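Data block below; observations after.
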Amino acid sequence: MDHWHLLADLQRMSPEETFYKKLFKEKPEAYRKWVQDWAGFVKIYKENGGKEDLPEEAPTIIGGELKEKDWFLNPDREVTVVKNARYCPPFFHSLEFIKIVFPLQGSFLFMTENEKMEIRQGDFLIVCPDVGQTVLSFHDEDIIVNVLIKASTFRNSFSSLLAEQARISDFFWQMLYSRGGNRIMLFQCRDDARLSQIILDIITESAYEENPSNFLLKSYVMLFFAYVLRNHGQDIVMISQGEEKRGDLPEIIRFIKKNSETVTMVSLAEHFQKSEGFLSRYIKKETGKTFSQLLREFKLRKAADILKNSDCSIEAVAEAAGYTDLSSFYRSFKEMYGMPPAAYRELLSG
């Protein structure tokens, strides 16, 4: 489907949107604040004198926490697309996954617990897991697209993106490994047509192809972020959920990952000119993991990647990942992946 016909298809009102629009036009005051669930909206709607006989359940999926299993129905898919229902009440929720909220046309209101902002065509948001938020779109011309990405995809597939020295890659490092900090990024891209084209390609592959390609979808998302890094790194105009707090964590995580075969707490402290005790406490406070736990994770992820992309012996894989004790490697790998290295390779090749 070409992009012109795709936009026309996205513009059509669904029965659910038509129903929500009727409620909005009758009682817009019921939409002024976010609500926790359908029952909460029905209560506000009736308190404001709404006359429509509302069903017991919402016409669209809602929930306090949106789970990956409910949105990634194919477990092998790592990227999917959902069009935001126009006029849907602002149900407050959090996510298990990462979300790009992209207005192809029009605008929307984005609400967190403490903020409300209008996002217009030409801007977009990246929302991380566990952030309480909601979107309200209330114009017929609005086409608001949610690109949903599994958080594990960044760890496993977007290592080159994470290696970039930029605010957006720092943001993702903090998202993956920090227990706090900033969780929402707003980009002001002045209606960049190339970004819209990439989003339309993602929609086409995800929603209109009979057998969507997970590889293609991940490639489109990588292209999207790579283009943003090159052309719009300076257009990050706001980071929500608190003040921006970059700190040393992204650089520390990058260094541990890059040097996972040889790094020690001593060499880490020397590189960052900090005491071992300070770094140990800082890493634990920011990530909830010890230095040893992080290092083990990076070694095993490297081993899994080698198993997936080579026919090296298990002994060579262990050595390349930085393990000198083969039995320790076998034990740690099974703890993390639930199976021995050879079985993991066989599963991937099958």
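I'd like the accessible area for LYS99, computed on protein heavy atoms only with a 1.4 Å probe and all protein chains in place. Round to 10 Å², please.
10 Å²
Ordering SER280, SER349 by how much accessible area each has at a 1.4 Å probe, largest first, what is the list?
Output order, biggest surface exposure first: SER349, SER280.
Residue by residue through region 115-132, what is 3J(HN,Hα) from phi via Karplus (6.51 cos²θ - 1.76 cosθ + 1.60, θ = phi - 60°)? Round to whole Hz and write x for glycine and proline.
Along region 115-132, the couplings run 10, 9, 9, 8, 10, 9, 3, x, 10, 7, 10, 10, 10, 8, x, 6, 8, x Hz.
For a quick check: with amide H placed at 1.01 Å from N, whose amide H comes under 5 Å from LEU95's, ignoring anything fewer than 5 positions away on the same chain?
LEU66, ASP130, VAL131
Tell me, what is the percent relative contact order of the chain, built from C-alpha pairs under 8 Å that lie six or more residues apart?
Result for the chain is 13 percent.
Using a 1.4 Å probe, how large is the accessible area of TRP34, given in Å² and rounded to the nearest 10?
Looks like 80 Å² after rounding.
Suppose the chain between GLU319 and GLU26 were pulled fully straight at 0.36 nm per residue; how much longer would it get relative to their current alpha carbon spacing?
Values: separation 293, 0.36 × 293 = 105.48 nm, distance 6.77 nm.
Contour length minus the Cα-Cα distance gives 98.7 nm.
With label points built 7 Å along Cα→Cβ from the Cα atoms of SER349 and ARG281, find their separation and express it in nm.
If labels sit at SER349 and ARG281, their model points lie 5.0 nm apart.
Given 0.36 nm per residue, what is the gain on full extension from ARG120 to HIS271 after removing their alpha carbon distance, in nm?
50.0 nm
Per residue, how much accessible area does the chain show when a 1.4 Å probe rolls over the protein heavy atoms, in square angstrom?
Each residue of the chain exposes 49 Å² on average to a 1.4 Å probe.
Return the calculated 222 nm mean residue ellipticity for the chain, to the nearest 500 deg cm²/dmol, obtained by summing -39500 (n - 2.57) across DSSP H runs with n ≥ 4 and dividing by the residue count. Walk me through the numbers on the way to the answer.
Working: 16 runs with 165 residues, N = 350.
My calculation for the chain gives -14000 deg cm²/dmol from helical runs alone.
Along its three principal axes, how long is the chain when you only count alpha carbons? Whole Å, largest extent first please.
Extents along the principal axes, in whole Å: 72, 45, 40.
Would you tell me the accessible area of ARG120, worked out with a 1.4 angstrom probe on the heavy atoms of the protein chains, in Å² to the nearest 10?
Counting only protein heavy atoms, the figure is 140 Å².
Using a Förster distance of 25 Å, how high is the FRET efficiency between ASP37 and LEU109, based on the Cβ-Cβ distance and rounded to 0.05?
0.85
Which of LYS150/LYS302; LYS22/LYS116; LYS22/LYS46 have a Cα-Cα distance over 22 Å?
Beyond 22 Å between Cα atoms: LYS22/LYS116.
Quick one: order TYR323, TYR31 from most to least accessible surface, probe 1.4 Å.
Working: TYR323 35, TYR31 5 Å².
So the residues, ranked largest to smallest area, are TYR323, TYR31.
Ordering GLU52, GLU319 from largest to smallest accessible area (1.4 angstrom probe), what's the sequence?
Descending accessible area places them as GLU319, GLU52.
Highest first, please rank the peptides 132-141, 11-20 by the mean number of other Cβ atoms sitting within 10 Å of their residues. Before the final figure, lay out the partial values.
Numbers: 132-141: 18.8, 11-20: 14.8.
Output ranking for 132-141, 11-20: 132-141, 11-20.
Treating the angle as unsigned and between 0 and 90°, give the value, to the nearest 10°, between the Cα long axis of helix 167-177 and the longest Cα principal axis of the chain.
Tilt of helix 167-177: around 80 degrees.
For a bin width of 10 Å, list the pair-distance distribution of region 202-350 built from all Cα-Cα distances, rounded to whole %.
9, 26, 28, 28, 9, 1
In whole percent, how big is the carbon plus sulfur part of the accessible area of the chain, probe 1.4 Å, protein atoms only?
Solvent-exposed carbon and sulfur of the chain make up 49 percent of the total.
Round to the nearest 10 and give me the degree value, 0 to 90, for the angle of helix 38-47's Cα axis relative to the longest principal axis of the chain.
Between helix and principal axis, roughly 30 degrees.
The values are calculated or read from the model by the stated rules, or taken from the named source; none is laboratory data. Model, not experiment: these values are computed from the prediction. Backbone-built Cβ (ideal geometry, glycine too); neighbour counts: all protein chains shown. In case anyone asks, the SASA skips ligands and DNA or RNA and just uses the protein heavy atoms, side chains included. Shrake-Rupley method; radii C 1.70, N 1.55, O 1.52, S 1.80 Å.
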